[in-house]
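Q: Below you'll find the structure I mean.
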Amino acid sequence: MAKKRSRIDIIYDMLNAIKDKGGEIKPTHLMYKANLSHTQMTSYLEELVTSDTVKRVTKKKNYEYLVITDKGYEFIQKLSQMREFEKTFGL
Amino acid sequence: MGVFTFSPPWFCGVNIFIDVFSLITLLLIAFFSYQVYRLDKDKKMNYYLSLAFLLMAAGLFAKVFTTGLIFYHQPMGIANIPVVNQIVNQDIQGVRASTVLFTFSVMLFRLCTLIGLYILYSVFQKRFHLSDAIVVLTAFFLVTFYSQSGSFGFHIMAIPMIGLIAYRFYDNYRRNHMGTTLLLTASFMTILLSHSLFIFEGVSPMCYVTAEYIQLIGYFLLLLTFIMVLQHGKKTKSYRHNIRHAKRDKR
C-alpha cells in the first residue's frame, strides 16, 4: 500500500506540477496533477499564496492561472535537497 | 585518563587543523539536518540526526580546545610537560593533562562522541528503547570516567557503532544505488579505520599521525557527500509522490 503523503510532500508535488507545466497552470489541472481533492487543494493553495511561492494571475478569457514565483522555485530546490539528503542517509 | 595526545611535536597544529575540519563538516551536516526538521517537523529522525552530529561536533570542539590550549601554551611552559611513553620506551611526546580543565575536556570529547554515535546508530537502526539507552549510557560513563586506559576503551566502544552505521549505509546503497550513499559508506568506513588505528596510538606516534590523516580523508569524504547531496538537489528532479504520475512515467 502506498505511503500517505505528508504535508510537505503534497506541497512539493503541487509546486512540481506547476513547474512541469512551464511555471503556470490552471487550478483544476493542478488539482488533477497533484492528485488532490478540491478542499485539500484550496487549503494548500492558500498556504502557498500566503507564503508567496505561488501567485494567482488572471489571463485571457478571464481564466485564473497559478504562477510559480522565484521564491517558489527556490523552495522546490530546497525541498529537493532535503529529499536527496534523506534518501542518501536512508531516513 | 592522564595522557590526552600522543602527537609528536612536529605534528602539533596539523592535528588541530584536522579536528577543526572535521568539526566544521559535522556542524554543516547538523545545521542542514536541523533545517530539514524545521521544514517538516513530522520527520523526527532529522532532529535526532542533527542532535547526533551536533554532539559529535561538541566533542571535537572540546578536543580542539584542549589540544589547542596545550599546543599554544607550550612555548610559555604552562602545560609543556613531555612524558616518555613507559610501555615501549620510545621518544613519544605526550602531554599530561593533569588539570581539571583538561580532564574535563577529555571526558567531554569522549562522552559526547560516544553518545552522538549511539544516537546515530539508533536513528539508522530505527529503534530506540529507553532501557537499552540507560545500559549503554552507563557503559559510556564507566569507560569515560573509570577506565585507566580511557582512550583504548573509547575507541573500542566507538568502533562497533561506526561499523554498524557504515553497514546500514551500505545496506541502504544496495537498495537505492545512489553514488552519494556509497560515498557516505566509504566515509564512515574510513573513519572506522582511523579509530582502529587510534587504538595503537600509544605504541608508536606514527600510528597516531596515520590515524589523524585517515580521519581527515574520512571527514573529507563526508563533506564531499554533503556537497554532492546539495548539488544533486539543485537539479530538482521530480520524485513524484503522486501515484498517477509515477504510473505515467513507467509507460
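Q: Angle, helix A:38-50 long axis vs. longest principal axis of chain A, Cα atoms, 0 to 90°, nearest 10?
A: With rounding to tens, the tilt is 90 degrees.
Q: Also: Quickly work out the residue B:204-to-residue B:152 label distance, labels modelled 7 Å from Cα along the C-beta direction, and quote it in nm with one decimal.
A: 1.9
Q: Sort A:47, A:64, A:86, B:212 by Cβ crowding within 10 Å, fewest neighbours at the top.
A: Placing the least packed residue first, the sequence is A:64, A:47, A:86, B:212.
Q: For each of B:123, B:20, count neighbouring Cβ atoms within 10 Å of the residue's Cβ, then give the residues from fewest to most.
A: Going from sparsest to densest Cβ surroundings: B:20, B:123.
Q: If neighbour count is taken as other Cβ atoms inside 10 Å, put B:232, A:29, B:129 in order from fewest to most.
A: B:129, A:29, B:232
Q: Take the residue pairs A:26/A:60; A:19/B:41; B:44/B:234; B:41/B:63; A:4/B:234; B:63/B:126 and return only those whose Cα atoms are more than 22 Å apart.
A: A:19/B:41; B:44/B:234; B:41/B:63; A:4/B:234; B:63/B:126
Q: Residue A:50 versus residue B:21, label points 7 Å from Cα toward the beta carbon: distance in nm?
A: 4.7
Q: Compute the longest continuous run of chain A that contains no exposed trypsin sites (Lys or Arg not before Pro); treat a site as exposed when its DSSP state is not H, G, I, E or B and it has at most 16 other Cβ atoms within 10 Å.
A: That gives A:22-58 as the longest site-free run.
Q: Further question: If R0 is 35 Å, what FRET efficiency do you get for residue A:32 and residue B:47 from their C-beta distance, rounded to 0.05?
A: Working from the Cβ atoms, E equals 0.50.
Q: Please find the FRET efficiency linking residue B:171 to residue B:128, where r is the Cβ-Cβ separation and R0 is fixed at 30 Å, and quote it to the nearest 0.05.
A: 0.95
Q: Sequence-distant or interchain residues sharing an amide H contact under 5 Å with residue A:65, placed H: which?
A: It is A:57, A:58, A:59, by chain and number.
Q: So, one more: Need the full-extension length gain, residue B:100 to residue B:14, defined as separation in residues times 0.36 nm minus the C-alpha distance. One decimal, nm.
A: 28.5 nm
Q: Something else: Take the alpha carbon atoms of chain A, find their radius of gyration, then divide it by 2.2 N^0.38 Å using N residues; give the quotient.
A: Here the answer is 1.12, to two decimals.
Q: Which FRET efficiency value, to the nearest 0.05, is calculated for residue A:42 and residue A:21 with the Förster distance at 25 angstrom and r the Cβ-Cβ distance?
A: Working from the Cβ atoms, E equals 0.85.
Every read-out reported here was derived from the displayed coordinates using simple, explicitly stated rules and does not represent laboratory data. No experiment lies behind these values; they were computed from the predicted model shown. Cβ sites come from the backbone with ideal geometry, for glycine too, and all protein chains shown count toward neighbours.
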